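The values are calculated or read from the model by the stated rules, or taken from the named source; none is laboratory data. Please read all numbers here as calculations on a predicted model, not as lab measurements. Here the Cβ positions follow ideal geometry from the backbone for every residue, glycine too, while neighbour counts run over all protein chains shown.
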Ligand SMILES: [Zn+2]
């Protein structure tokens, strides 16, 4: 699953960290994010990075709690599209580039198999959260 364009961080994120990233992308940055550990408010910093050979932009994201030591550091973006195919390690998502062309991107597979089967068989367009090169959640 090496893409060369994305910095893969070895560390897998914990569920609560993924949930915070999900909230961030769900809310268009407008809603106040709350720390899953202490309930304090979270400070968010995002630095856009254009993926090489693509118009897609990913964000180096730094999230820090103002009260405790909770923090998240990850590269994240969302993809709107449909599951084209998948196996244990990889998910191919068919979506559109910013120019309107169809494109298929491969990401690491970090989704629950049951959810994946469901959305794959429905063929429905879905928003996927990609963190450190891996699809980790559906943004609902
Ligand atoms: Zn906190």
Qualifying residues in the range 28-51 (those that are surrounded by 12 or more Cβ atoms within 10 Å (Cβ to Cβ) and away from the ligand (no atom under 16 Å from the Cβ)) - the one modelled with the lowest pLDDT: 51
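Take residue 119 and tell me if it is part of a strand (DSSP E or B) and either in contact with a helix residue (DSSP H, G or I) (Cβ under 9 Å, 6 or more places away or on another chain) or more than 21 Å from residue 16 (Cα to Cα) (or both). Give the derivation first.
Numbers: part of a strand (DSSP E or B): no; either in contact with a helix residue (DSSP H, G or I) (Cβ under 9 Å, 6 or more places away or on another chain) or more than 21 Å from residue 16 (Cα to Cα) (or both): yes.
Judged against the criteria, residue 119 is not a match.
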Checking residue 64 against (1) within 15 Å of the chain's Cα centre (by Cα); (2) closer than 16 Å to residue 22 by Cα, only one condition comes out false. Which one? (1)
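Assess whether residue 66 counts as being under 18 Å from residue 12 (Cα atoms) and either within 16 Å of the ligand (Cβ to nearest atom) or without any contact (Cβ under 8 Å) to a residue 24 or more places away in the chain (or both). Spell out the reasoning first.
Working: under 18 Å from residue 12 (Cα atoms): no; either within 16 Å of the ligand (Cβ to nearest atom) or without any contact (Cβ under 8 Å) to a residue 24 or more places away in the chain (or both): yes.
The answer is no for residue 66.
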Among the candidates 58, 54, 71, 95, residue that is away from the ligand (no atom under 16 Å from the Cβ) and either out of contact with any strand residue (DSSP E or B) (no Cβ under 9 Å at 6 or more places or on another chain) or free of Cβ contacts under 8 Å to residues at least 40 places away in the same chain (or both): 95
Would you pick out the residues in the range 114-140 that are surrounded by 11 or more Cβ atoms within 10 Å (Cβ to Cβ) and free of Cβ contacts under 8 Å to residues at least 24 places away in the same chain? 115, 117, 118, 122
